[in-house]
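Colleague: Pasting a structure here, questions to come.
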Amino acid sequence: MQYNFDEIVDRTGTNAAKWEPEVLKKLIGAEPEADFIPMWVADMDFRSPRPVVDALLNRAEHGIFGYSMPLDPYFDALKWWMKTRHQWEIRQDGSR
């Protein structure tokens, strides 16, 4: 699978906090013509990988956007992340 990290994706009209003049003005008071690099936003400036887009499209095609309950693999991943990254052991039941 190949990715094109050199492709410039126009984010105009997407309300991107990183690039949209009105959003920048509201968030940090920056004028549209200000000369700065918005490195304060963890935002991708390249397209998502095709498998991610396909998974989202597949889910959207279902047509029902109700409340879903996360299953054990979700909680396992979350617990692993918090333990690995923050040395914080969490319990799935919410107790301390």
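Colleague: What number, in percent, do you get for the relative contact order of the chain if the mean sequence gap of Cα pairs under 8 Å and at least 6 apart is divided by its residue count?
Modeller: So the answer I get is 17 percent.
Colleague: Next up: Assign unit charges at the C-beta atoms only (+1 for Lys and Arg, -1 for Asp and Glu), then state the dipole size of segment 47-90 relative to its Cα centre in Debye, rounded to the nearest 20.
Modeller: 220
Colleague: Considering only Ile64, Phe75, Phe36, whose Cα is most displaced toward the positive end of the charge dipole of the chain, charges sitting on Cβ of Lys, Arg (+1) and Asp, Glu (-1)?
Modeller: Ranked along the dipole, the leading option is Phe75.
Colleague: Tell me the net charge near Lys18. Cut-off is 11 Å between Cβ atoms, Lys18 excluded, with +1 for each Lys or Arg and -1 for each Asp or Glu.
Modeller: Overall, the nearby charge balance is -2.
Colleague: Could you give the dipole magnitude of the chain about its Cα centre, charging the beta-carbon of Lys and Arg +1 and that of Asp and Glu -1, in debye to the nearest 20?
Modeller: 560
Colleague: Then there's this: Among residues other than Phe5 whose Cβ falls under 12 Å from its Cβ, what is the net charge (Lys/Arg +1, Asp/Glu -1)?
Modeller: Local net charge: -2.
Colleague: Top mean-square fluctuation among Met82, Met44, Met69, Gaussian network model of the chain, C-alpha springs under 10 Å?
Modeller: Of the options given, Met82 has the highest mean-square fluctuation.
Colleague: Here's a follow-up. Just to be sure I understand: with springs between alpha-carbon atoms less than 10 Å apart, which residue in Leu71, Leu57, Leu24 has the highest mean-square fluctuation in the Gaussian network model of the chain?
Modeller: Answer for the Gaussian network model of the chain: Leu71.
None of the figures in this text is laboratory data; all of them are computed from the coordinates on show. Not measured: the values here are computed from a predicted model. So basically every Cβ, Gly included, is an ideal-geometry build from the backbone, and we count neighbours across all protein chains shown.
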